[in-house]
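For reference, the structure is listed below as structure tokens.
The values are calculated or read from the model by the stated rules, or taken from the named source; none is laboratory data. Treat the numbers as computed from the prediction; the structure is a model and nothing was measured. With ideal geometry, Cβ positions are generated from the backbone for all residues, glycine too; neighbour counts draw on all protein chains shown. What goes into the accessible areas is simple: the full protein's heavy atoms, side chains included, and nothing from ligands, DNA or RNA. Shrake-Rupley method; radii C 1.70, N 1.55, O 1.52, S 1.80 Å.
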Amino acid sequence: MSDDSFIREVNEEMRREQAQKLWDRFGPALLGLAILVVLGTAAVVGYRYWDETRANRSGDAFSAALKLANDGKNDEAIAALDQLEKDGYGAYPLLARMRAATVKADKGDVDGAVKDFDDVAADNAIPASIRDMARLRAALLLVDHGSFADVSSRVEALTADTNPLRHSAREALGLAAWKEGKSADALKLFDQIASDDGAPRNVRQRAQLMAELIRGSGNAS
């Protein structure tokens, strides 16, 4: 055996011994870590599947309830939405809650719809933007079925210049004021909408028409 061959064999044996020592020292920990990675990956995949399955099931239930409402089966739609509010997943219980109130209004139960919207607006666990939308929805119903005070108590705070719902809130408040003979207050609100470049075009057009109607009636003062 040449010196080179002998040295190579010695080096290989030393490497094997070092590798064995490393495995004896760290092998079980590395094996345990690998098992944890596999289990963690399986858990993540399993959770995603579970999450998507529940969300899809709730989405299908919500779509079915909407179809019932669109077909005029309001009582069945409300029952389906109430059930979804109880056992739905993700955002669907809140969507069901809001939609159920709308269906109640469609079937003529305005008092029940307003109460449901008011309950959403008073629920601090719900995001502020949704609570504001519920206030606005209640106010819009009360334009025809309540007083100016009823509408104002729900949307006055939404008419601030920085509120994204200010255009619709001012419109609801303006209509309620006009209905109650508060023409000057109504005109001021409609002029605010008409001069607001951030207002949607259709809302501005309606505001302009209302402002012209009030001025033409001679009750603007």
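Which residues, taken from the stretch 106-129, are among the aliphatic types (A, V, I, L, M) and touching an Asp or Glu at 6+ places or on another chain (Cβ under 9 Å)? Residues satisfying the conditions are V110, A113, V114, A121.
Exactly one residue out of S152, S147 is buried (at least 16 other Cβ atoms within 10 Å of the Cβ) and either under 28 Å from D109 (Cβ atoms) or polar (S, T, N, Q) (or both): that is S152. Taking each residue of the stretch 98-120 that is over 16 Å from H145 (Cα atoms) and looking for partners that are β-branched (V, I, T) and surrounded by fewer than 22 Cβ atoms within 10 Å (Cβ to Cβ) with beta-carbon atoms closer than 9 Å, six or more apart or interchain, yields M98/V120; M98/I130; V120/I126; V120/I130. Considering the stretch 73-153, the qualifying helices (runs of 4 or more DSSP H), each wholly inside and each with 1 or more residues that are over 25 Å from A61 (Cβ atoms) and of a type outside the set (A, V, I, L, M), run over 110-121, 128-145.
Flag: A157 does not match the condition of being free of Cβ contacts under 8 Å to residues at least 40 places away in the same chain, surrounded by 22 or more Cβ atoms within 10 Å (Cβ to Cβ) and under 27 Å from L95 (Cβ atoms).
Total residues in the stretch 165-221 satisfying the condition of being in a loop (DSSP other than H, G, I, E, B) and in contact with a Phe, Trp or Tyr (Cβ under 7 Å, 6 or more places away or on another chain): the figure is 2. Residues that are among the basic types (K, R), farther than 24 Å from K107 by Cβ, at pLDDT 70 or above and open to solvent by 50 Å² or more (accessible area, probe 1.4 Å) are absent from the stretch 62-77.
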